[in-house]
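Beneath this line is the structure, given in structure tokens, with notes to follow.
The values are calculated or read from the model by the stated rules, or taken from the named source; none is laboratory data. From a predicted model like this one, the values you see are computed outputs, not experimental measurements. Here Cβ is always computed from backbone atoms with ideal geometry, including for glycine, and neighbour counts include all displayed protein chains. Please note that ligands, DNA and RNA were not included when accessible areas were found on the heavy atoms of the full protein model with its side chains. Shrake-Rupley method; radii C 1.70, N 1.55, O 1.52, S 1.80 Å.
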Amino acid sequence: MSVYLRGIASELAGVLWREHTVYRDREGGVVIRGEHVRRWISLAPAGGPGQVRVRVGRILEGGTTAPARAEAVASLSVGPAELATVCRRLLAEASVDATTAPPPGRGRRTPRQDRHTGSSSWLVVLAVAGAIVGIYLARASGTL
């Protein structure tokens, strides 16, 4: 099955992208990498005979791959053009998800977090200002 998937992946890669790399992954599937578009497509055997699981994702800075953003099961009985259509649809879905999702680690801030100086900071500022005024008054009266 892996040799058969590699042949299908090579045909599919030629339809989708001019520049691509096709290789076998650890699970026995095949991965198509399009470095110039910063995307990858994975083809793996699905549960039924003649079916393939198609997953797509992004290639991150440094060449590592992000987890799959979209996934579907397709029939291998369709030609490479129809399989390319499925891949294009999944790539489009993954692109929409990537543009609408908030950046990782940056959730919506609460109004309390938006405030630059909190009440405890103001207490410290007032204590320091009081100490400076106290030292000035002590020097002015000559006791220090």
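Give the stretch 32-67 a look and list any residue that's farther than 21 Å from Gly7 by Cα and either over 20 Å from the mean Cα position of the chain (by Cα) or open to solvent by 40 Å² or more (accessible area, probe 1.4 Å) (or both), or say none.
Within the stretch 32-67, His36, Val37, Arg38, Arg58, Leu60, Glu61, Gly62, Thr64, Thr65, Pro67 meet the criteria.
Matching residues to (1) polar (S, T, N, Q); (2) in a strand (DSSP E or B):
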site	(1), (2)
Ser10	yes, no
Gly14	no, no
Arg18	no, no
Val22	no, yes
Glu27	no, no
Ile41	no, yes
Gly48	no, no
Gly57	no, yes
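Which condition breaks for Ala74 when tested against (1) part of a helix (DSSP H, G or I); (2) surrounded by 14 or more Cβ atoms within 10 Å (Cβ to Cβ); (3) at pLDDT 85 or above?
(1)
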